[in-house]
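Note sheet for the following structure.
The values are calculated or read from the model by the stated rules, or taken from the named source; none is laboratory data. Note that the structure is a prediction, hence the values are computed from the model and not measured. Note that each Cβ is placed from the backbone with ideal geometry, even for glycine, and that neighbours are counted across all protein chains shown.
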Amino acid sequence: MTEHGNATPAQDAAAGSGSDDDAVALAHSLFQAARDGNTELLRAYLGAGAPATLTNAAGDSLLMLAAYHGHADTVRLVLEHGAEANTANDRGQTPLAGAAFKGYTDVARVLLDAGADPDAGAPSARAAAQMFARQEILDLLG
């Protein structure tokens, strides 16, 4: 993965120059992996100790980015590593509301199974599903 040979991702990061630029670059890579649904890359870093609760400058977590971009397997992985299903971003939006807005029923199902509250956030997932006529998601929400 890097020129550091067989080191774990966390060891690779620690072996770098230690600069803030390295940490920022790693965080950007993790956020992009969440957006892209690169579950295997995230699995390696989360398994090596990267925080599943990492957020960007807008308060979007790895979970939010994976949910908003429709990656159910990535959402499941991040939840398994300690992400909280109801954590809202700086705009008060939850991952479930993002999935409802985009119409990702499979992602909504994973989040609901993890305890996501359909009435949390602003707008809530329920309100987003109603606004955008996401009947399949409304059916899941009960």
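Side notes on the structure shown:
- Only residues that are without any contact (Cβ under 8 Å) to a residue 40 or more places away in the chain, within 16 Å of His28 (Cβ to Cβ), among the hydrophobic types (A, V, I, L, M, F, W, C) and surrounded by fewer than 23 Cβ atoms within 10 Å (Cβ to Cβ) were counted across region 47-92, and they come to 3.
- Ala7 being surrounded by 14 or more Cβ atoms within 10 Å (Cβ to Cβ), assigned to a loop (DSSP other than H, G, I, E, B), modelled with pLDDT under 90 and more than 9 Å from the chain's Cα centre (by Cα): yes
- Of the helices (runs of 4 or more DSSP H) entirely within region 46-103, those holding at least 3 residues that are at pLDDT 95 or above, over 20 Å from Leu138 (Cα atoms) and under 11 Å from the mean Cα position of the chain (by Cα) occupy 62-68, 72-80.
- Where Arg109 falls short, out of the listed (1) modelled with pLDDT of 95 or more; (2) within 16 Å of Leu30 (Cβ to Cβ); (3) not acidic (Asp, Glu): (2)
- Criterion violated by His28 - all others in (1) of a type outside the set (Gly, Ala, Ser); (2) surrounded by fewer than 22 Cβ atoms within 10 Å (Cβ to Cβ); (3) touching a helix residue (DSSP H, G or I) at 6+ places or on another chain (Cβ under 9 Å); (4) farther than 21 Å from Asp139 by Cα satisfied: (3)
- Selection within region 90-142 - among the small types (Gly, Ala, Ser) and over 21 Å from Leu77 (Cβ atoms): Gly92, Gly103, Ala120, Gly121, Ala122, Ser124, Ala127, Ala128, Ala129, Ala133, Gly142
- All positions within region 104-122 that are under 15 Å from the mean Cα position of the chain (by Cα) and within 12 Å of Met64 (Cβ to Cβ): Val107, Leu111, Ala116
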